[in-house]
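Data first, discussion second: the structure below is written as structure tokens.
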Amino acid sequence: MSSLAVHKTPAAAGATGTAHRRPPLRSRIALVPTITLLLGAVYCLLPVAWVVIASTKSGSELFSTFTFLPGTGFADNLADLGAYRDGIYWQWMGNSALYAVLGALVSTCVSAFSGYALATYRFRGREAMFNVLLAGVLMPPIILAIPQYLLMAQADLTDSYWSVLLPQILSPYGVYLSRIYATAAVPSDVVEAGRMDGASEWRIFTRIALPMMVPGMVTVFLFQFVAIWNNFLLPYIMLSDDEKFPITLGLFTLLEQGANTPALYTLVITGAFLAVVPLVALFLVIQRFWSLDLLSGAVKS
């Protein structure tokens, strides 16, 4: 039996060693996308981290040294920001919340209705209408700003809350995303079964289709909320009363005044940090909702 034993030749041993060495090489190559994503995350988060740290520094600490060590002036900066012009910063935050929440809710409803109709019903001109919406997705907002201002001026709505809210109601990207999601999430057989049972079209939409479209509508709401919260150009054109300013335009005016009063820079940085907090909180809440919805869908299936 010993004479029949198979002995590995040096070539076989070398091949075996090469085979054993291949997985580490593949694993190193697989690390390249991960490293790239990490570098991209650092690139995106570095300015945010600087704002968070800079908001804790007093004016002397902010302009004396450039370090990523936290300062000791956050409480004073917060108090000065709240006291500036009798707390107008918090009014700007309230205006942004009004524009973003109300505008995103109405826009999500309009997108849900429109996307479901485009995905479910067959009517003349449907594809042409959808192509026009796609053209609206590709249209830069700066091109539409002046026509929107002229329309609002004709309706005598400039320098009002409506002048910022109304242009945000129809989101071409929201309608596009809603149609794509409704096509994938709402089976036509379920809609036909509801019609055969005698349910009205409104009942089919609200009781059958809309619950299936909830994850997509949450995505539309998030995109629209962030877009309205960060919008600067439209309020800049429409509004002249600073008490109606959103946070973006309010911080811009505060930054302009900081050119003559450097002490206001600390207020601008602290205000920018506080303006990011609602977006982060909203993303964390919606991310949890996405996870719960996917988990419940897996349990139901």
Whole-Hz couplings from phi, Karplus 6.51/-1.76/1.60, listed for the range 38-43; x for Gly and Pro: 5, 5, x, 5, 5, 4
Using only the Cα atoms of the range 87-142, build the gyration tensor, take square roots of its eigenvalues as a ≥ b ≥ c, and label the shape rounded, prolate or oblate: rounded if a/c is under 1.5, else prolate if a/b is larger than b/c, else oblate. oblate
Go ahead and collect, in residue order, the members of the range 111-136 whose backbone nitrogen is under 12 Å from a label point 7 Å along the Cα-Cβ direction of residue 202. none
Using a 1.4 Å probe, how large is the accessible area of residue 80, given in Å² and rounded to the nearest 10? 80 Å²
Accessible area per residue of the range 79-118 at 1.4 Å probe, in Å²? 39 Å²
Under a Gaussian network model of the chain whose springs join Cα atoms within less than 10 Å, the largest fluctuation of 107, 160, 60 belongs to 60
Where a ≥ b ≥ c are the square roots of the eigenvalues of the C-alpha gyration tensor, would you call the range 186-284 rounded, which needs a/c under 1.5, or, failing that, prolate if a/b is larger than b/c, or oblate? prolate
What shape does the range 162-205 take by its C-alpha gyration tensor, where a ≥ b ≥ c are the square roots of the eigenvalues and a/c under 1.5 counts as rounded, a/b above b/c as prolate, and the rest as oblate? oblate
Scanning the chain for chymotrypsin sites (Phe, Trp or Tyr not before Pro) in DSSP loops with at most 15 other Cβ atoms within 10 Å, what's the longest stretch left with none? 124-231
Of every hundred units of 1.4 Å-probe accessible area on the chain, the number belonging to carbon and sulfur atoms, as a percent, is 70 percent
Relative contact order for the chain: what is it in percent, counting Cα pairs under 8 Å that are at least 6 residues apart? 26 percent
With a cut-off of 8 Å between alpha carbons and a minimum separation of six or more residues, what is the relative contact order of the range 19-176 in percent? 21 percent
The summed charge of the residue 77 Cβ neighbourhood (under 15 Å; Lys/Arg +1, Asp/Glu -1) stands at -2
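Summing Lys, Arg as +1 and Asp, Glu as -1, what charge do residues with Cβ under 12 Å from the Cβ of residue 95 carry, residue 95 excluded?
Value of the local net charge: -2.
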Once Lys and Arg are counted +1 and Asp and Glu -1 for all other residues with Cβ under 12 Å from that of residue 268, the total becomes -2
Can you tell which of 219, 108, 34 shows the greatest fluctuation in a Gaussian network model of the chain with Cα springs below 10 Å? 34
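Whole number in Å², please: accessible area per residue of the range 193-269, 1.4 Å probe, ligands, DNA and RNA not counted. Intermediate values should be presented prior to the final figure.
Numbers: 3650 Å² over 77 residues.
Heavy-atom SASA per residue in the range 193-269 reads 47 Å².
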Taking only protein heavy atoms and a 1.4 Å probe, the highest-to-lowest accessible-area order of 276, 218 is 276, 218
Listed values [x] 23.9; [y] 19.7; [z] 19.1, entry calculated as Kirkwood radius over Cα pairs in Å: [x]
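The values are calculated or read from the model by the stated rules, or taken from the named source; none is laboratory data. All figures in this text were calculated on a predicted structure; none of them were measured in a lab. Here Cβ is always computed from backbone atoms with ideal geometry, including for glycine, and neighbour counts include all displayed protein chains. All accessible areas refer to the heavy atoms of the entire protein, side chains included, with ligands and DNA or RNA removed. Shrake-Rupley method; radii C 1.70, N 1.55, O 1.52, S 1.80 Å.
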